[in-house]
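The values are calculated or read from the model by the stated rules, or taken from the named source; none is laboratory data. Bear in mind the structure is a predicted one, so any value in this text is a computation, not a measurement. Cβ sites come from the backbone with ideal geometry, for glycine too, and all protein chains shown count toward neighbours. We work out accessible area using only protein heavy atoms, side chains counted, and drop any ligands, DNA or RNA first. Shrake-Rupley method; radii C 1.70, N 1.55, O 1.52, S 1.80 Å.
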Amino acid sequence: MTDLTQGIPIAAQAPRPRWTGALAWLRANLFNGVTSTILTLLCAALIAAALPPVIRWALIDAIWSAPNGQACHGAGACWAFIGEKFRFILFGFFPAGETWRPIAAVVIFLAMIVAACDRRMWGRRLALVWVIGLFAVFALMRGGAFGLSTVETALWSGLPLTLVLAVVGMLVGFPFGVLLALGRRSRLPAVRAICVGYIELVRGVPVITMLFMASLMLPLFLPTGITIDKLVRAQVAFILFAGASLAEVVRGGLQAIPRGQIEAADALGLTYVQRTRLIVLPQALAMVIPALVNTFIGIFKDTALVIIISLFDLLTTAETALSDANWQGFYVEAYVFVGVIYWSFCFFMSRYSQLLEREFNRGRRR
Amino acid sequence: MSDARTVPMIELQSVNKWYGEFQVLKNIDLQVGKGEKVVVCGPSGSGKSTMIRCINRLEEHQRGRIIVAGIELTSDLKNIEAIRREVGMVFQQFNLFPHLTVLQNLTLAPIWVRKLPKKEAEEAARYYLGRVRIPDQADKYPGQLSGGQQQRVAIARSLCMKPEIMLFDEPTSALDPEMIKEVLDVMIELANEGMTMVCVTHEMGFARTVADMMVFMDKGEIVERAAPKDFFAAPKNERTKAFLSQILAH
Amino acid sequence: MTTDEATLTSARARPALWRDAKIRGIAYQVVFVAAVAGFIALIVHNAIANIGRQNIATGFGFLHREAAFGIGESLIEYSPADTYARALLVGLTNTLHVAALGIVLATILGTLMGLARLSSNWLVAKLARVYVEIFRNIPLALQLFFWWGLLDKMAPGPRQAWQILPDVFVSNRGIIYPVPLSNPAYKWVVAALGIGVVAAIGLHRWAKRCQAATGRQFPTGWVALALIIGLPAAVFLGFGAPARLDVPVLKGFNFSGGDAVSPEFAALLIGLVVYTGTFICEIVRAGILAVNWGQSEAAMALGLRSSQRMRLVVLPQALRVIVPPLTSQYLGLTKASSLAVIIGFPDLVSVANTTMNQTGQAIEGITVIMAVYLSLSLAISLAMNVYNRAVALVER
C-alpha cells in the first residue's frame, strides 16, 4: 500500500487547477461524452438548417414597401403589408382622425402595468393611480366629454380592446375571486357548497362556453326590453371566469396560512371580518402574488377567444386585415406581427412573476 | 497515530478541493486503519463534511489521492461503484426514501447492488432492524417514525450492505435532544464490534468513549490530531483550544 | 359573541337568539342561500319571458330532429339526414379523438423537452428553453390560426404538394401519407404482438420470482422489448415480408391512395400539442428538481447506479409532484380543443354552435356542452384522486 505514495511530488500549497477558458467550457458543456457530442451536433445541424432560411425570408428577401399585394409576393416576407395595415390591426375601427386616443389609452395601460410592477408603489398610492388611469382610459376611448367626440364601444378594437378585457376582467374578478375563496373555506356548509359548485362549474368548462353563454344566454336572462352591449357581455364572461380561476389561486394562499395565525387572532378577540382583513388575507395574498401574475397572463391570452363572438380584439383585427382583397395571402406576416405583441406582454409578465417568486423564496428561507 | 495498525482502510494523501476560487480542502492527509474510529470536529464551514463526502465520492477532490479499501478513487465509475459498496454513509438529514417502507428502504440496495435474493435481503434487514432496536416498524413509512427512529433506520440501511467502513456526517445534529442518545447508543455498539468508522460530530462524550483518534479541522485543513485523552486534556493548537472551550462551555 | 362566551353562558341560561353563534351561522346561510336562489329565480323568470316573447322552442326535442347539415370529418357514420343527437355524437367523438391523441403526443413532447431543459448539454438546454418561452407566451388561438394558415391557406394544391418525407405530402387537402395494404399476414402479426406482450408480462413475473430466489437481476426491460417487437417482426418476415404500402399517387387534380388527415385536424393537433407541451415541460422539470438532492446522495452512497437512482428513487418521488398538475394540463388540453370552432374543425362545441344557430336553442345547446365537459372533468379528476390517494406519502 505504501508503494502507491512513492514518486508523487506533493506541493506544499497545490495551485488550483484552472478549468477556465473557452475550450474548457466547450468541453464541459457541449462535448462532455459521446451522447452529449451527438446531441450538440444534431442541435447545431438543426439550427444551421432552420436559421438561414428564416433570416433570408424575414430580412434579406423581404419586401419593405409595395403599392399593393400583387407587387409584394416574392421569396421573402412582405412587411409592406404590415406597414399598410398596422394602424388597423392595432386600433381597428376606431375613427381614423382620432387615432391618438387609443394610442394614449395603450400608453396609460402600459404605464399602469409598469407602476404595478414596482414593489415600492404597492399600496394605496397604486390603487389611486389605477383608478385615475382607468378613468382616463375610459374617457379617452368613450369620449363624449372634455370636447372629445363620442365613440361607440362597437368601434373599440385592436390592442386597447384586448387590454380592456384582460385588465378589467382581472380587476373586477379579483375581489370576486377572494370572496369565492373565502366562501369555499367557510365553516358554513351552505355557503361552502354554493361556492364550490360555482368554482368547479366554471373551471370545468372551456372558456369558449363562458363566451357563448355571455353572448347567447345573457340577453335572455335580462328583463325584457333591456339590452346590453357586446363588449359588456364579453367582459362579464371574463369577470366570471377570472373570478373562478383567481378563487383557486387565493385558496392556495389561504390553505398555506398556519393554523396558529388564526388562533392568535381569535385569542386577541378579533371578529371574523377583522381577522380575515387584517391577518389572513394580507399573508395569503402576498404568498400567491406570482401565481396571480400567471393567472393574469392566462386571462390575457384567453382574450384572443373573443373572435368567436366577433369582437374585434387584436387577433380579430389581424384576421380582418388578412381578408382585404388587395392584400391577400400574408398570413405568416400578420401572425408574426400580432404574435410578437402578445409574446412581449406575456414574456415580460412571466419573467416578472419568476423574479417575484425568487425574491419571495429567498425571503422565506431566511 | 495509526502507524501501528497494518491495514489502512482509508488513505487520504494531500487532498485538495476548490469551490470556484474558494479552497475547501487544503492538503488533507489522513490514514484510518482497519477497525479504527476517527472523530472529526471543527467549526461549521471547516470542510469536515466535505472531507468525508470525498471518501465515497459524493464530492470530487481535485488534487491528491484517496484510496479506500485498497481501491483508488478516480473518475473510473467501476472504482466508484466498488468503493460505495464497501462504504456506508449516514446523513444529517437521514435521507430515507419516503416512498418506500422501512423494510423496502433496507432491502433496496442489497437487492439491486449486492444482487441478494429478496428473501435473504429481507431477513438481513429484519436482523439489522432488531440491532438498531426497532424490530416492529418494518412495514411503516419513514414519515411515520420519529427523528431518532429514522436515523436508526438509516444506520440499519447502511449496515444491510455489510460495509467495511461507516461514515457518519453529523448524524445527531438534526435530532431533538431526547433522541440523540438512542442513536449514539447504536453507534457505540457498532464501534465496539470493530467497525471502521469516521464520524463528523460534536458529541464529545461519544468521542471520548469510542474514538481512537480525534481530528480537528479549521478553514479546510487538519489543525490537530491526537488520541482523545490528549486532545481533550491538552490541546496544542490555539484554534483547537478556542473551539473546545466553546463547545464544552455548556 | 365568540364561541367561548356562548358556551360559558349556555351553561346557565340560553343567550339571546341574536348572540347565539350557532343561530347566527344558520341565519347567515339562510340569507345567502335565499339571495342566490332569488337571483336564479329572477334569471329564470326573465329567460322564460324572453323565450316566450321570441317564440323560441324549448326542451331537448330538437335532438331527434333531422340535423340537415354536413360534417367535414367523422369517425362514425354520419349524413345530414341524421339527427342532431347523432351530429353532437360525431362532435364528441371528434373532440375525444383529438384530445386523446393530443394528450399522448403532448406528454411525449413535454417530457422530452423537460429532460432536455435539465440536460448538462448547454445547447440542448437552451433550445428547449427557447421552445418553451416562444410557444407558452402566445395565445393558443393565434397559434391555431398560424398552423391552419400554413396547412390550409398557404399550402399548395395537390399538384405542387410539399413532400416532407418520402411519400408523405402536405397540400391544402391535408397531410397525405401511405398506409399498409391489408394482407392476411397482418392478422398473424397482430396475434404475435399479443403473444409477445403476454410473454413479456410472464417474463416480468418470472424474473421477480427468480430474483427473490437467487438474487440474480434479469434484464427484463430489454428482453421484453425484444419479445414485443421481435416476435411480430419475425412473423412478418416469416410470411416473406409482404410489405405493400398503399402509396398516395397524384392522379389528375388530387391524390389517390394512402390516407389523409384534414388541415383543420392537423392544425388543431399540432397547436394543442406544441402549446400544452410547454406547460408539461415545465411540470416535468419542476417535478424532477423537487426531489431533494439528499435522496440522490443517499442512493449514491448505497452504490446504486445512475439509471437505478433515477428509476428506483427519483422518478417515483417526482411522479407524485408531476401527476396532479399534469392531469390539470390534460383537462386543459381537452377543454382547449374546443378552440376547434375557430378553424372549423367539427368538434363538439363547433357542432353545438351550428345546432344553436339553426335551432335558436342556446340554453339547451350550452347545457349539452357544459354537461359533456363537466363529465369529462369529473371523470379525469376522480381518476386523479384515486391515483393521488394510492401514491400519497404516508406521514402521521
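Given H placed 1.01 Å from N in the peptide plane, which residues other than close sequence neighbours of B:K140 have an amide H under 5 Å from its amide H? Correct list: B:V102, B:L103.
Reported value for the range C:273-377: 100 Å³ per residue, from the convex hull of its C-alpha atoms. For B:T196, the residues whose amide H sits under 5 Å from its own are B:G35, B:M166, ignoring neighbours fewer than 5 places away on the same chain, with H placed 1.01 Å from N. In chain C, which whole DSSP H runs stretch at least 24 Å along their own axis (Cα) and average -0.5 or higher on the Kyte-Doolittle scale? For chain C, where a helix must reach 24 Å along its axis and average at least -0.5, the hits are C:21-54, C:84-117, C:184-214, C:263-290, C:315-336, C:362-391. As a ratio to 2.2 N^0.38 Å, the alpha-carbon radius of gyration for the range C:186-231 is 1.28.
The string of couplings for the range B:226-237 from the Karplus curve (6.51, -1.76, 1.60, θ = phi - 60°) is 6, 5, x, 4, 5, 4, 7, 6, 9, x, 8, 7 Hz, one whole number per residue in order, with x for Gly and Pro. A probe of 1.4 angstrom, applied to the heavy atoms of all protein chains, finds C:S182 with accessible area near 110 square angstrom. Taking amide H positions as modeled 1.01 Å from N, with prolines and chain starts lacking one, the residues under 5 Å from C:L245 and 5 or more places away or on another chain are C:L181. The Cα trace of chain B gives Rg and Dmax of 17.9, 55 Å, the first to one decimal, the second as a whole number. Placing unit charges on each Cβ (+1 for Lys and Arg, -1 for Asp and Glu) gives the protein assembly as shown a dipole about its Cα centre, and among A:A267, B:L167, A:A304 the Cα reaching farthest toward its positive end belongs to A:A267.
For the residues of A:251-263, the average number of beta carbons from a partner chain within 10 Å of their own beta carbon is 0.
Remark: the protein assembly as shown carries 48 Å² of accessible area per residue (probe radius 1.4 Å; ligands, DNA and RNA excluded). Between their Cα atoms, which of B:K37/B:K229; B:K78/B:K119; B:K48/B:K219 are more than 20 Å away from each other? Table pairs above 20 Å Cα-Cα are B:K78/B:K119. Sequence gap at least 6, Cα distance under 8 Å: using those rules, report the relative contact order of the range C:186-231 to the nearest whole percent. Contact order relative to length: 51 percent. Under the Kirkwood approximation applied to all pairs of distinct alpha-carbon atoms, what is the hydrodynamic radius of the range C:95-219 in Å? Evaluated over the range C:95-219, this radius sits at 19.8 Å.
Set against the 2.2 N^0.38 Å expectation for a compact globular protein, chain A has a Cα radius of gyration ratio of 1.34. The accessible area of C:I23, taken with all protein chains in place and a 1.4 Å probe, comes to roughly 70 Å². Solvent exposure of A:W130, expressed as accessible area, is near 40 Å², computed with a probe of 1.4 Å over the protein chains only.
Once the Kirkwood radius over Cα pairs is known for the range A:109-190, the Stokes-Einstein relation at 25 °C and 0.890 mPa s delivers a diffusion coefficient of 163 µm²/s.
For the protein assembly as shown, the calculated P(r) over all alpha carbon pairs, in 10 Å bins from 0 to the bin holding the longest distance, is 2, 8, 14, 18, 18, 16, 13, 8, 4, 1, 0 percent. Here the ratio of the Cα radius of gyration of the range A:14-104 to 2.2 N^0.38 Å is 1.99. Where both bridge residues fall in the protein assembly as shown, DSSP classifies roughly 65% of the beta bridges as antiparallel.
Across all Cα pairs in chain C, the calculated P(r) in 10 Å bins from zero up to the longest distance comes to 4, 13, 19, 23, 19, 11, 7, 3, 1, 0 percent per bin.
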